1. Mind computing the radius of gyration and Dmax over the alpha-carbon atoms of the range 90-211? Å is fine for both.
2. Once neighbouring chains are kept in place and the probe is 1.4 Å, which whole percent of the accessible area of the range 55-287 is contributed by carbon and sulfur?
3. For the range 55-287, what is the accessible area per residue in Å² when the probe is 1.4 Å?
4. Could you please state, rounded to a whole Å, how far the C-alpha centre of the range 221-275 is from the C-alpha centre of the range 42-82?
5. Roughly how compact is the range 55-287, stated as its Cα Rg over 2.2 N^0.38 Å to two decimals?
Amino acid sequence: MDSDDCDHHRFVADGDITAPECYWGVRLMTSPTISDQAEAEMWSVIRDDARSSLSRATTVSFIYLIAALAVGAFLLSAVAELSEDAVYYVGWEEKEVLITWMRSLIWVYAGIAVAASVIWILVQLSLRGSLPVVIATIVSKIPGLGRAIQTIALANFCQSIYRSVVNSKTYGDAFRAASDETRFTPLRLWIDRSAARLDSGQSWENALLRPPIKDHPLAAVIAIGQSQLSREETIHMWHRAASDSHWLLQTRSQRTVRHLFRVGLIGSLFTAGLAILATNTNIVLMIEGLTFTGWWF
């Protein structure tokens, strides 16, 4: 559109972020500056780093746990085989060393390994946005880790809407563009529904009902966006939401990675320690049976 065609404003209507491309016959420049491009690149790096660090932390913790379970199961199996038909004495009474509980513990370890493998696969798929809505929602309930996965999607959503606002797209088009970029399927479903409500002329408040993510950047946008805002105010609102969500992502992902390493280390030490304690108990009983030390008790 040439400047000669700019004879009126296009005001921001309810459910529309169409900004005036022309103001008093002067065309507004919407091309991003170098600082805008650098900021967008920085935000993209933050999301990629968070995604890779979470994937790496869950993988390392998973390997720790599986290794501990494998060592523990091997010790239990070996000692159970050695303890077969072994006896010990309590006074003059001969008693057989029980091994059924050890074999049951081996099956418990196998079940934990299977459950850990399933959870690890689901987390990796969730980080890549390859899960159905129901399963992705379940994964998002994992303490700490689920919130970090949600924040990655929130940061990506806010940046996408901010970019669309700068490019003077309607909210319907902005939400559809954000849906194409979103990997978190529950948020994508909500975005698609919100876009349809906005296109049908519903109010901002009704269009953005029941978001799947409750973090404050999105809550603030929903609350502030109900007012009639100028183009500059709209851009500032979404820029602030994108900036806050990426800052939240940095702090939350770092905290979650530390938490995952601690949980993986403690879990592996506990499972290995439990197996060592169980095998030592049977070994002591067998030694007592061989040396007849139990005769005196």
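The values are calculated or read from the model by the stated rules, or taken from the named source; none is laboratory data. Predicted model only: the values in this text are computed from it and were never measured. Side chains are part of the model used for accessible areas, which takes the heavy atoms of the whole protein and leaves out ligands, DNA and RNA. Shrake-Rupley method; radii C 1.70, N 1.55, O 1.52, S 1.80 Å.
1. 24.2, 92
2. 64 percent
3. With the other protein chains kept in place, the range 55-287 gives 51 Å² per residue.
4. Going from one Cα centre to the other spans 23 Å.
5. Against the empirical 2.2 N^0.38 Å value, I get 1.51 for the range 55-287.
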